[in-house]
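For reference, the structure discussed in these notes is given below.
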Ligand SMILES: Cc1cc2nc3c(=O)[nH]c(=O)nc-3n(C[C@H](O)[C@H](O)[C@H](O)COP(=O)(O)OP(=O)(O)OC[C@H]3O[C@@H](n4cnc5c(N)ncnc54)[C@H](O)[C@@H]3O)c2cc1C
């Protein structure tokens, strides 16, 4: 047995397969071009190839796959939103996530923890009850819990009434989960590539050709390709890419920061979020405490992180979980989020024929990755906008028909 | 700590300021179409590069204009809004709608 192992280690024919083949040359033309190799673009490519038989597809990614917000988020997955449109949509995503490891034959470390949105004020308690009722009505597992429940469910939580913002209760969402975000990008990319999708990393889109109101080609720093249809899924770069196609968006690019601690033994099961204190925290399967806060105070096309952020965040983290005072922060970073005025995404048609958009994912889009892939692919394949995503159309802003997703706010996703 | 120069109060910590969005021409609400108004209310240039924006020094409630590079995160110039807006904006009563 040990000899077998040594032989295996030294042999050149390792069965371990490479995830992606070397970057291919550009073809002159594709049926579908996907701009942006984050989770959303890759999931769309996978669904096109796997469920709609559309395989002449190229994904153009400026850097490396998953290097945008997909690899920078705090990986919280939940469906306890406030609007019926939002709840129905995120619920489909959660159900896809639950079986995603099997679907992709790749472990995304999906881990259901229970998600608590703490309420520190009477009005937050009222909103929590509202959300719980909307959720239950739509079949989502959510309930309002009180201080005695919290003492039992999260023993580490500081429930002292001496705290600056004492905790009154919480919206409890048992299916709330975390997953390994890189694995989501790699899983979709690997499977899409096996089905013939070309994934072009290190390929920047520099222009979009529109002829007679219809998209006809995409220009990259490696050359131009023709395309039947194109879709952009570029998060913080949404406005810049849309501008290339002559489309204007109601989006601001604002950094969102996060950090992790050194790894510790598992000690925190729950995902804890406080909208009032601008904190969310969970413990990863590697043992790191993953912590985030609210978006930066002003728009920037940058991913630098700041001392202001970490100082502000930690004062609140330590109020909620004082036992973390000895824990050291190991890394902090930022991603560029694409924030909309109503905290809901923008999905669907753009006014340019055959040019589609998946944007406005702000601080809440990781949890939507599978449902976006599925529904964007359906739209590209059939040419019809699926009912589930119709409320998120770009034209809602022209018609003053916003979605008002207060379940999102800029914290706690 | 990042500093910003307030035309009224001098150099201050950027945390004392509130970002107020792009400086854009406001269409006349009594005359423009719904689409023009929607564009004014919701749409953003959101440029990577040089932008001209409203900022407010929160403590003194003083609004001014800043020119900023959103890629380098540098503040190039700040100045009083009077440099751009020379006339007072009148909030007059809208004309009654014309009889159909
Ligand atoms: C700190 C942080 C925490 C977050 N926490 C959560 C959370 O807990 N739960 C949740 O649901 N969501 C969360 N989010 C939001 C979530 O990460 C995003 O909404 C989601 O990952 C967006 O995925 P995407 O595929 O659309 O974009 P990205 O993953 O950003 O992919 C877009 C890609 O487009 C590429 N691109 C840009 N310009 C070009 C170009 N010109 N040519 C080619 N490619 C280009 C980029 O390089 C990038 O890889 C968080 C975000 C951040 C920053």
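The values are calculated or read from the model by the stated rules, or taken from the named source; none is laboratory data. Just so we're clear, the structure is a prediction, and the values are computed from it rather than from any experiment. In this analysis, Cβ positions are derived from the backbone assuming ideal geometry, glycine residues included, and neighbour counts consider all displayed protein chains.
When the criteria are applied in full, residue A:5 fails the requirement of being within 16 Å of the ligand (Cβ to nearest atom) and not assigned by TED's automatic domain parsing to the domain that holds residue A:218. For the stretch A:24-63, a residue qualifies if it is farther than 23 Å from residue A:97 by Cα, out of contact with any strand residue (DSSP E or B) (no Cβ under 8 Å at 6 or more places or on another chain) and within 15 Å of the ligand (Cβ to nearest atom), and exactly one does: A:63. For the stretch A:87-163, list the helices (runs of 4 or more DSSP H) that sit wholly inside it and hold at least 1 residues that are within 26 Å of residue A:46 (Cβ to Cβ); which are they? Once the helices (runs of 4 or more DSSP H) in the stretch A:87-163 are filtered for at least 1 residues that are within 26 Å of residue A:46 (Cβ to Cβ), what remains is A:100-104.
I'd like the full set of residues that are over 19 Å from the mean Cα position of the chain (by Cα) and within 11 Å of chain B (Cβ to nearest Cβ), limited to the stretch A:285-308. Across the stretch A:285-308, the qualifying residues are A:297, A:298, A:299, A:300, A:304, A:306, A:307, A:308. Quickly run through the stretch A:210-223 and pick out the residues that are surrounded by fewer than 16 Cβ atoms within 10 Å (Cβ to Cβ), in a strand (DSSP E or B) and within 14 Å of the ligand (Cβ to nearest atom). A:219, A:223 - these are the residues of the stretch A:210-223 that are surrounded by fewer than 16 Cβ atoms within 10 Å (Cβ to Cβ), in a strand (DSSP E or B) and within 14 Å of the ligand (Cβ to nearest atom). Have a look at A:282, A:325, A:274, A:267 and point out the one that is within 11 Å of the ligand (Cβ to nearest atom) and more than 13 Å from chain B (Cβ to nearest Cβ). When all the criteria are applied, what remains is A:282. Of all the strands (runs of 3 or more DSSP E) wholly in the stretch A:231-311, which have at least 2 residues that are at pLDDT 95 or above and surrounded by fewer than 18 Cβ atoms within 10 Å (Cβ to Cβ)? Output list reads A:252-263. Selection of the stretch A:168-209 for residues being without any contact (Cβ under 8 Å) to a residue 60 or more places away in the chain and part of a loop (DSSP other than H, G, I, E, B) yields only A:168.
Within the stretch A:64-77, the only residue that satisfies the criterion of being more than 6 Å from the ligand (Cβ to nearest atom) and part of a helix (DSSP H, G or I) is A:71. Of the candidates A:21, A:48, A:26, A:42, the single residue that is more than 18 Å from the chain's Cα centre (by Cα) and not in a loop (DSSP other than H, G, I, E, B) is A:48. Counting only strands (runs of 3 or more DSSP E) that sit completely within chain B, those holding 2 or more residues that are within 14 Å of another protein chain (Cβ to nearest Cβ) and over 30 Å from residue A:246 (Cα atoms) correspond to B:3-6, B:10-13, B:17-22, B:50-57. Scanning the stretch A:328-364 for residues that are outside any strand (DSSP E or B), more than 11 Å from the ligand (Cβ to nearest atom) and in contact with a strand residue (DSSP E or B) (Cβ under 9 Å, 6 or more places away or on another chain), we see that the one that is farthest from residue A:227 (Cα to Cα) is A:328. Report yes if residue A:243 is more than 10 Å from the ligand (Cβ to nearest atom) and without any contact (Cβ under 8 Å) to a residue 12 or more places away in the chain, otherwise no. The answer is yes for residue A:243.
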